[in-house]
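Novice: Before anything else, here's the structure in question.
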Amino acid sequence: MQSICVYCGSSNGRQKLYGNIACEFGRRLVERGLKLVYGGGCVGLMGVIADAVLDAGGHVTGVIPESLVAKEVAHLSLTELIVTQSMHERKTIMAERSDAFVAMPGGIGTLEELFEIWTWGQLGLHDKPCGMLNVAGYFDGLIAFLDHSVNEQFLKPVHRARLIVESDADVLLDRLATFVPVQTRKWIEPGKQ
């Protein structure tokens, strides 16, 4: 594992703890020799984690659509900033550049990115681990819902298990590093056998 993609909020949230944990997580990445891949913003938790990695001497790749650069939210001091034409291109590049994915507190954009990359793993489009850093119980309600989805048989336990949830950054990083994917049927594009 060399690079971790982090999905997180473009705001700081209500609790100062969110920013503190984002900063600490960034430092932990550098201590482990891991590069950060993220959405390229300078605002909110996105900016906090990027600055923490840079301040600790780490490598940060930001991937941001041109429309957000125009709104002046791009972090211009990164190791590498990739500007894309669309959100779809952004997410594809982030996925290609990353060996694992972590969601931290954020809004619907964070959740959408996490659910998409987790779904890609379920479909067999990648074998990379996906995790959530459950800061101060932020994701407790979502975790309960996912477990409810398993109980109601809309989500298979094997697919639920692909999402690693921890409240401790070091434990999460250890679990991501030792992740062994369960073999699932690979998605075959129509007309390509």
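The values are calculated or read from the model by the stated rules, or taken from the named source; none is laboratory data. The model shown is predicted, which means the values in this text are computed figures rather than measured ones. Here the Cβ positions follow ideal geometry from the backbone for every residue, glycine too, while neighbour counts run over all protein chains shown. Ligands, DNA and RNA are stripped out before the accessible areas are found, and what is left, the full protein with its side chains, is counted by its heavy atoms. Shrake-Rupley method; radii C 1.70, N 1.55, O 1.52, S 1.80 Å.
Novice: Taking the stretch 18-64, which residues are polar (S, T, N, Q) and more than 20 Å from Val171 (Cβ to Cβ)?
Specialist: Thr61
Novice: Which residue, of Asp99, Asp147, Asp127, is farther than 14 Å from Cys8 by Cβ, of a type in the set (D, E, K, R) and modelled with pLDDT under 95?
Specialist: Asp127
Novice: Quick check: is even one residue across the stretch 52-68 open to solvent by 10 Å² or more (accessible area, probe 1.4 Å) and closer than 17 Å to Asn134 by Cα?
Specialist: So far as the stretch 52-68 goes, no, none of its residues is open to solvent by 10 Å² or more (accessible area, probe 1.4 Å) and closer than 17 Å to Asn134 by Cα.
Novice: Between a first residue in the stretch 120-138 that is in a helix (DSSP H, G or I) and a second residue that is open to solvent by less than 20 Å² (accessible area, probe 1.4 Å) and hydrophobic (A, V, I, L, M, F, W, C), which pairs have beta carbons less than 8 Å apart while being 6 or more apart in sequence or on different chains?
Specialist: Trp120/Ala95; Gly121/Cys130; Val135/Met104
Novice: Of all residues being among the hydrophobic types (A, V, I, L, M, F, W, C) and in a helix (DSSP H, G or I) in the stretch 143-161, which is most open to solvent (accessible area, probe 1.4 Å)? Just the residue, please.
Specialist: Taking the candidates together, the pick is Phe145.
Novice: Now for a different question. Please work out which residue is most open to solvent (accessible area, probe 1.4 Å), limiting yourself to the stretch 1-22 and to residues that are over 16 Å from Tyr138 (Cα atoms) and in contact with an Asp or Glu (Cβ under 8 Å, 6 or more places away or on another chain).
Specialist: Gln2
Novice: A follow-up question, please. Which members of the stretch 167-183 meet the condition of being open to solvent by 40 Å² or more (accessible area, probe 1.4 Å) and either among the acidic types (Asp, Glu) or not in a loop (DSSP other than H, G, I, E, B) (or both)?
Specialist: Asp168, Asp170, Val171, Asp174, Arg175, Ala177 - these are the residues of the stretch 167-183 that are open to solvent by 40 Å² or more (accessible area, probe 1.4 Å) and either among the acidic types (Asp, Glu) or not in a loop (DSSP other than H, G, I, E, B) (or both).
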